[in-house]
Amino acid sequence: MSQEPNTHRFNLFDVDTSDPDSALVDRSSLTSADVAQINALMAALARLRRAEDLLVEASNAYMRLNRTDMRTLHFLIASAHRNEVVTPSAIAAHLDISTASTTKLLDRLERGGHITRDSHPSDRRALVISVTPETHRSAMSTVGRQQARRFNAAARLSPSEREVVIGFLTDMADELSLAHAPWAAGPPA
């Protein structure tokens, strides 16, 4: 009988695991209870990221599309709900991709029956991109409905709890900003 490999599990986001010598995080002013609670918070954020990743993967598989395709459809659906006209250049700007990549993307989505291209109502040189009614219905009744469930968790909080969460998430996003990561610009020349 073969031995099972060591499957010891630990929390990768536990500060004592990732930074045992306090080289990255000074926790000298925190109690062990504070550190434990912060570790639990980091683990909860990791579970949220994992749930989001799994939802994106399942959504992509269900719709038989890739992440960029899904982001495009989401943008088109949200724009339609706001009665906004979407052009290929608006999609390129939203996705931060080139016009050539946008053309390939739109060709792929049109072949799949997900979008239509029509003449712009006021600019004869431009096209209007719309999601097809079938794709709109399918996306809203499946992926959209699942994504919307996060609203329920926020609605269960009191207004003051929501303010605390908003402040925390804003602060964390600011802390993680690449403005604090000069290395992210690439290796030194």
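Any read-out appearing in this document is the output of simple, stated calculations on the displayed coordinates, not a laboratory observation. Not measured: the values here are computed from a predicted model. Here Cβ is always computed from backbone atoms with ideal geometry, including for glycine, and neighbour counts include all displayed protein chains.
What's the extension gain from residue 44 to residue 18 if we count 0.36 nm per residue and subtract their Cα-Cα distance?
7.7 nm is the gain from fully extending residue 44 to residue 18.
Consider the candidate values [x] -0.87, -0.96, -1.16, -1.28; [y] -1.06, -1.10, -1.18, -1.22; [z] -1.16, -1.21, -1.31, -1.37; state which one is log10 I(q)/I(0) by the Debye sum over Cα atoms at q = 0.16, 0.17, 0.19, 0.20 Å⁻¹ computed from the structure displayed.
Given [x] -0.87, -0.96, -1.16, -1.28; [y] -1.06, -1.10, -1.18, -1.22; [z] -1.16, -1.21, -1.31, -1.37, the structure-derived one carries the label [z].
Grab the beta carbon distance between residue 36 and residue 156, set R0 = 35 Å, and tell me the FRET efficiency rounded to 0.05.
0.90
Helices from the chain with mean Kyte-Doolittle at least -1.0 and a Cα length along the axis of 30 Å or more, per DSSP H: which?
32-63
Let me check against my output: what whole-number percent is the relative contact order of region 67-139, with C-alpha pairs under 8 Å and at least 6 apart?
It comes to 31 percent, rounded to a whole number.
Using only the Cα atoms of region 88-189, what are the Rg and Dmax in Å?
20.1, 51
Mind computing the radius of gyration and Dmax over the alpha-carbon atoms of region 67-139? Å is fine for both.
11.2, 31
State, to one decimal in nm, how far the label point of residue 103 lies from the label point of residue 185, with both points 7 Å from Cα in the Cβ direction.
With each label point 7 Å from Cα toward Cβ, the separation is 3.4 nm.
Can you run phi through the Karplus equation (6.51, -1.76, 1.60; θ = phi - 60°) for region 129-144 and list ³J(HN,Hα) in whole Hz, with x for Gly and Pro?
Once θ is set to phi - 60°, the couplings for region 129-144 become 9, 10, 7, 5, x, 5, 5, 4, 4, 4, 5, 5, 7, 10, 4, x Hz.
If I model a spin label as a point 7 Å beyond the Cα along the Cα-Cβ vector, how far apart are those points for residue 176 and residue 120 in nm?
3.6
Name the most mobile residue of 163, 57, 175, meaning the one with the largest mean-square fluctuation, in a Gaussian network model of the chain with Cα contacts below 10 Å.
Of 163, 57, 175, the Gaussian network model singles out 175 as fluctuating most.
Suppose only helical runs count, i.e. DSSP H with n ≥ 4. What mean residue ellipticity at 222 nm does that imply for the chain under -39500 (n - 2.57) per run, divided by all residues and rounded to the nearest 500 deg cm²/dmol?
The per-residue figure over the chain is -18500 deg cm²/dmol.
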